Amino acid sequence: MSDLFSVTITIVYGGLLISFLCAFIRLLMGPTHADRLVALDLIGFITISFIATHAISSGETAFLDIATTLALVAFLGTVAFVKFIGERLSQTGDTKGEEPWKH
Amino acid sequence: MEALISVCLLIGTFFTLVAAIGILRMPDIYMRVHAVTKAGTFGIGLILLSVALFFVDSAVTSRVIGIMLFIIVTTPAAAHLLGKTMLKSKYRMWRNLSNR
């Protein structure tokens, strides 16, 4: 592992950490459930990127299997949660809990 | 080769960061979905491409292609589903009222 590589991987870890923090802030404060869902989707992406970067920095290829599983689980979770939001909207008939965006 | 891998990693990180800033700063759910879907997919694709370039190995390359294909296929589907569900609710789209 050369010098250029270790510097690059440090920068990548830092950038991914900042992205994770931004997505986490949106996850905490997002006004509707859909905002939180999108933030969770992005957190899944960032975690896959973390795993890929760690696979490069450690030289261990087995981490890529975990990345595959995480991509599958993130998609299934998104679809299930969208179904939940849609069913709750159709049951109550209004946007209870889903505040419209205020001007 | 190392320079190419480094450039791929850095551009991928940049686009992931753009997606994260977009989800934090955009005013509307549709714009947030847009930012995450496009910039996020491109960023993760570049980072996975650099993994495939680092380990020149058919087992790793096939796994990377599998993850990339899965993400490229499923992310727009999930975003479309979410957008359609939110369009049915009473969620109002953002209008720029500052320059009236």
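The values are calculated or read from the model by the stated rules, or taken from the named source; none is laboratory data. All values reported here derive from a predicted model rather than from experimental measurement. Reconstructed Cβ throughout: ideal geometry from the backbone, glycine too, with neighbour counts over all protein chains shown.
Quickly run through region B:78-100 and pick out the residues that are more than 7 Å from chain A (Cβ to nearest Cβ) and among the hydrophobic types (A, V, I, L, M, F, W, C). If the condition is that a residue be more than 7 Å from chain A (Cβ to nearest Cβ) and among the hydrophobic types (A, V, I, L, M, F, W, C), then B:79, B:87, B:93 are the ones that fit. One residue stands out in region A:16-53 among those that are more than 24 Å from residue A:73 (Cβ to Cβ) and part of a helix (DSSP H, G or I): the one that is farthest from the other protein chains (Cβ to nearest Cβ), namely A:29.
Looking at region A:45-66, which of its residues are among the small types (Gly, Ala, Ser) and touching a Gly at 6+ places or on another chain (Cβ under 8 Å)? Result: A:49, single match.
Can you go through B:64, B:18, B:56 and tell me which one is more than 8 Å from chain A (Cβ to nearest Cβ), under 27 Å from residue A:57 (Cα atoms), part of a helix (DSSP H, G or I) and free of Cβ contacts under 8 Å to residues at least 40 places away in the same chain?
On the way: B:64 fails: more than 8 Å from chain A (Cβ to nearest Cβ); B:56 fails: part of a helix (DSSP H, G or I).
Result: B:18 is the single residue among B:64, B:18, B:56 that is more than 8 Å from chain A (Cβ to nearest Cβ), under 27 Å from residue A:57 (Cα atoms), part of a helix (DSSP H, G or I) and free of Cβ contacts under 8 Å to residues at least 40 places away in the same chain.
When residue B:2 is tested against the conditions (1) farther than 25 Å from residue B:86 by Cα; (2) more than 7 Å from every other protein chain (Cβ to nearest Cβ), the lone failure is (2).
Among the residues examined, residue B:54 does not qualify as of a type in the set (Phe, Trp, Tyr), at pLDDT 90 or above and closer than 15 Å to residue A:48 by Cα.
May I ask you to verify whether residue B:81 is out of contact with any Leu (no Cβ under 8 Å at 6 or more places or on another chain), free of Cβ contacts under 8 Å to residues at least 40 places away in the same chain and crowded, with 21+ Cβ neighbours inside 10 Å? It is false that residue B:81 is out of contact with any Leu (no Cβ under 8 Å at 6 or more places or on another chain), free of Cβ contacts under 8 Å to residues at least 40 places away in the same chain and crowded, with 21+ Cβ neighbours inside 10 Å.
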